[in-house]
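Asker: Next up is a structure, given as structure tokens.
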Amino acid sequence: MSSEHHATSDTEEYAYLWDGSEPGWILCRSKIVDIPTIFNRVTRMLLLMEDTDEWRAVTEAMLSHDVPLLDGIPPEE
């Protein structure tokens with residue numbers, strides 16, 4: 001299995017982050033790492049990933065699906 005195919009398969013399980021089936025997911029720039037934070041505006045929860053390559057692949061998929069990228073975590077509404 002090629003790494004490209006593997007990355008695609010890995011990100012498919014995270015489609016809820018960009019397909020609208022679970023609302024509120026956005027990306028926020030981080031001052032610590034070069035990968036955006038995955039944040040849900042509705043639940044006010046972060047999605048943490050231990051695997052940096054997977055985290056990077058998921059955030060890249062989110063950006064390719066036009067998930068908003070903010071400068072920081074937004075205040076509560």
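The values are calculated or read from the model by the stated rules, or taken from the named source; none is laboratory data. From a predicted model like this one, the values you see are computed outputs, not experimental measurements. Every residue, glycine among them, receives a Cβ derived from its backbone with ideal geometry; neighbour counts consider all protein chains shown. Calculation scope for accessible area: heavy atoms of the full protein, side chains included, ligands and nucleic acids excluded. Shrake-Rupley method; radii C 1.70, N 1.55, O 1.52, S 1.80 Å.
Asker: Determine by what factor the alpha-carbon radius of gyration of the chain differs from 2.2 N^0.38 Å, reporting the quotient.
Answerer: Ratio of Cα Rg to 2.2 N^0.38 Å: 1.08.
Asker: Rounded to the nearest 500, what is the 222 nm mean residue ellipticity of the chain from helices alone, with -39500 (n - 2.57) per DSSP H run of 4+ residues and division by all residues?
Answerer: -9000 deg cm²/dmol
Asker: Next up: Among 74, 37, 47, flag the residue with its Cα farthest along the positive direction of the charge dipole of the stretch 33-77, charges on Cβ as +1 for Lys/Arg and -1 for Asp/Glu.
Answerer: Comparing the listed Cα positions along the dipole, 74 ranks first.
Asker: May I pose another question? Expressed as an acute angle from 0 to 90° and rounded to the nearest 10, what is the orientation of the C-alpha long axis of helix 52-64 relative to the principal long axis of the chain?
Answerer: Approximately 70 degrees, to the nearest 10.
Asker: Residue 71 versus residue 32, label points 7 Å from Cα toward the beta carbon: distance in nm?
Answerer: For the pair residue 71/residue 32, the computed spacing is 2.1 nm.
Asker: Would you tally the net charge around residue 22, using a Cβ to Cβ cut-off of less than 15 Å, leaving residue 22 out, and scoring K and R as +1, D and E as -1?
Answerer: -1
Asker: In Å², and per residue, what accessible area does the chain have when probed at 1.4 Å with the other protein chains present?
Answerer: With all protein chains present, the chain gives 70 Å² per residue.
Asker: Could you tell me how many degrees, from 0 to 90 and to the nearest 10, lie between the Cα long axis of helix 3-12 and the main elongation axis, the longest principal axis, of the Cα atoms of the chain?
Answerer: Long axis of 3-12 versus the principal axis of the chain: about 40 degrees.
Asker: I've got another one for you. How large is the dipole of the chain about the Cα centre if only Lys and Arg carry +1 and Asp and Glu carry -1, each at its Cβ, rounded to the nearest 20 debye?
Answerer: My answer is approximately 380 debye.
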